[in-house]
There are 2 protein chains.
Amino acid sequence: MTPEEIDEFLAAPRLCHFATTDERGRPRVRPVWYLWRDGAFWFTTRLESRHTGRDLSTSEWVAMSVASEDRPYRTVIAHGRPEVAPKDREILLAISTRYGEGPGRRWTAIAMREPDRVVLRMEPSKLISRDYGTTA
Amino acid sequence: MTPEEIDEFLAAPRLCHFATTDERGRPRVRPVWYLWRDGAFWFTTRLESRHTGRDLSTSEWVAMSVASEDRPYRTVIAHGRPEVAPKDREILLAISTRYGEGPGRRWTAIAMREPDRVVLRMEPSKLISRDYGTTA
């Protein structure tokens, strides 16, 4: 996929599946919202009340996968070490309202009151895109 | 979700995102086909020409995540240690034709000629299901 095709693919409000390594070295994965902006992914999690957030304290590398559910299958996979930043209303709104304006605003109001809520910014160390066409 | 709701959810031809740990202890994740049958997940990979397959030689635990892309968000996440078995035409067909009869049959014909093609059977050690309703 070209850089423009990747931007267009990642602009759609798909979920991404976010993988971490737990304290025993086992993989963990869950669907999360994301925002792709200026060459970086933004996510949000909670450092204490989410496994995903706790894993970041013992394992700095993460991987993520976004796929189209129908043929032609397209997929973007990225690896990197996210920076953890304090929660930021503008970023939380930008992430959450991609998936619906009203629900995103309501979600952000709640998230801003969560003490361990953070945002993650990940510039991919590696980004793999693939368009499988209709044959796969 | 009830066991019946989980079965119904997993019967739809969604992709699952399959996470492994690489030889450096970093997570890896990619979309794969799956089949849920009699309380076990079946997958297929290649032991040598796929990172996912190679990771299994150094890390026996995997995690997988399936999600509905639209509200109400529903998700099934499973952890386990897959058993690696030789490729089996019936299983490859059962997995691949879930995602389209014709493409699945063509894909299976090719896959049966791949020397390192295997099937994986994973009885989940842990299965987490969640229906977020329309609020998330």
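The values are calculated or read from the model by the stated rules, or taken from the named source; none is laboratory data. Fair warning: this is a prediction, and the values are worked out from it, not measured in the lab. In this analysis, Cβ positions are derived from the backbone assuming ideal geometry, glycine residues included, and neighbour counts consider all displayed protein chains.
If we keep just the residues of the stretch A:117-136 that are touching a helix residue (DSSP H, G or I) at 6+ places or on another chain (Cβ under 8 Å) and at pLDDT below 95, which is surrounded by the fewest Cβ atoms within 10 Å (Cβ to Cβ)?
Going through the qualifying residues, I end up with A:Thr134.
Being over 20 Å from A:Asp116 (Cα atoms) and within 14 Å of chain B (Cβ to nearest Cβ) narrows it down to one residue among A:Pro13, A:Pro31; which is it?
A:Pro13
So which residues in the stretch A:1-19 are in a loop (DSSP other than H, G, I, E, B) and buried (at least 19 other Cβ atoms within 10 Å of the Cβ)?
Passing the criteria: A:Arg14, A:Leu15.
For the stretch B:29-72, what are the residues that are surrounded by fewer than 22 Cβ atoms within 10 Å (Cβ to Cβ), of a type in the set (Ser, Thr, Tyr) and more than 20 Å from A:Ala78 (Cα to Cα)?
If the condition is that a residue be surrounded by fewer than 22 Cβ atoms within 10 Å (Cβ to Cβ), of a type in the set (Ser, Thr, Tyr) and more than 20 Å from A:Ala78 (Cα to Cα), then B:Ser57, B:Thr58, B:Ser59, B:Ser68 are the ones that fit.
Filter the strands (runs of 3 or more DSSP E) completely within the stretch B:37-112 down to those with at least 1 residues that are more than 11 Å from every other protein chain (Cβ to nearest Cβ).
Answer list for the stretch B:37-112: B:40-46, B:83-86.
Just to be sure I understand, how many residues within the stretch A:46-65 are under 14 Å from A:Gly80 (Cβ atoms) and under 12 Å from the mean Cα position of the chain (by Cα)?
4
Just to be sure, is A:Ser49 of a type in the set (S, T, N, Q) and in contact with a His (Cβ under 6 Å, 6 or more places away or on another chain)?
Spelling it out, it is not the case that A:Ser49 is of a type in the set (S, T, N, Q) and in contact with a His (Cβ under 6 Å, 6 or more places away or on another chain).
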